[in-house]
Amino acid sequence: MIQIKDLHKSYHMGSNSLHVLKGINFDVKEGELVSIMGSSGSGKSTLLNILGMLDEADSGSYVLDGVPIKNLNEKIAAQYRNKFLGFIFQSFNLINYKSALDNVAMPLFYQGMKRKERVERAEHYLEKVGLADWSHHLPSELSGGQKQRVAVARALASDPKVLLADEPTGALDSVTSHEVMDLIQGINDEGKTILIVTHENDIAQMTKRIVQLKDGVIIDDSPVKQVRAKEYV
Ligand code: ADP
Ligand code: MG
């Protein structure tokens, strides 16, 4: 599903530059549940943003579901992003003045879906994340865990090939984190390919493979005997 080879990325600030990714290689197969781990500042978000086509590498190659991701114009890039990728962020990134339902349905509007189908899909995915009774509530009326569930429903609604989550439990307490990981494990059980960035080892243990980043390179890439989040909840 994902193949990256010798990926490099530097940031330039005035006369200073920071070489963040120094030759990253890895492949992700369809149906994997992978965590990218590393201390703060190790380049996890930089890598995930490149995988999510929110940013571009300086060199190296990236192939997503057989499509080379390089030198795409913004319109094509946006189309691929919509078609291939779903995003989940630490800070949920919901629209505060829109209901849970509208938050989930809105991205579908930009894919040209008719209103009736948008609403049906949004209701389906809100039910899937356990929020059927909350669809008309505003984000401010929801708990942190519920907000992240809305974000998961939104990410799933366009049926992306890959789900990318940057510290999805970073703003949640331990019990709620495990509930969200239980949801993510369930989605992976149904076959979705998922990549999670985290700096928390107990969260990484709930994935099936841990890729460790340090000083711009991968220092370890190993399968884990997945811990089921439900055991903790
Ligand atoms: P992580 O997600 O692992 O905490 P990041 O990928 O966010 O790490 O950042 C890696 C390094 O790159 C950090 O030193 C950070 O300060 C720097 N960095 C990240 N984004 C930018 C940017 N847009 N401009 C300049 N430096 C950046
Ligand atoms: Mg980060």
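Excluding same-chain neighbours fewer than eight residues apart, the lysines reachable from K44 by a Cα-Cα span under 20 Å are K5, K9, K22, K29, K208, K214. When only Cα pairs below 8 angstrom with a gap of at least 6 residues are kept, segment 28-186 shows a relative contact order of 28 percent.
Loop-located trypsin sites (Lys or Arg not before Pro) in segment 1-39 (DSSP state not H, G, I, E or B) with no more than 12 neighbouring Cβ atoms inside 10 Å: K29.
For K128, the lysines whose Cα comes closer than 19 Å to its Cα, not counting residues fewer than 8 places off in the same chain, are K116, K147, K161, K192, K230.
Here the contact order of segment 150-233, divided by its residue count and restricted to Cα pairs under 8 Å and six or more residues apart, works out to 30 percent. For the chain, excluding the exposed loop sites themselves (GluC sites (Glu not before Pro), DSSP loop, at most 12 other Cβ atoms within 10 Å), the longest remaining stretch covers 31-189.
Compute for segment 99-233: radius of gyration divided by Kirkwood radius, i.e. Rg/Rh, restricted to C-alpha atoms, rounded to two decimals.
Numbers: Rg = 15.8 Å, Rh = 15.8 Å.
Rg/Rh: 1.00.
DSSP loop (so not H, G, I, E, B), at most 11 other Cβ within 10 Å: list which chymotrypsin sites (Phe, Trp or Tyr not before Pro) in segment 39-144 pass both filters. Those satisfying the criteria are Y97, Y110.
What the Cα atoms of the chain give is an Rg and a Dmax of 17.6, 54 Å.
When DSSP beta bridges are restricted to pairs lying wholly in segment 92-231, around 55% turn out antiparallel.
Read the figures in this text as sums done on the coordinates, not as results from a lab. Given the structure is predicted, the values throughout are model-derived calculations rather than measurements. Note that each Cβ is placed from the backbone with ideal geometry, even for glycine, and that neighbours are counted across all protein chains shown.
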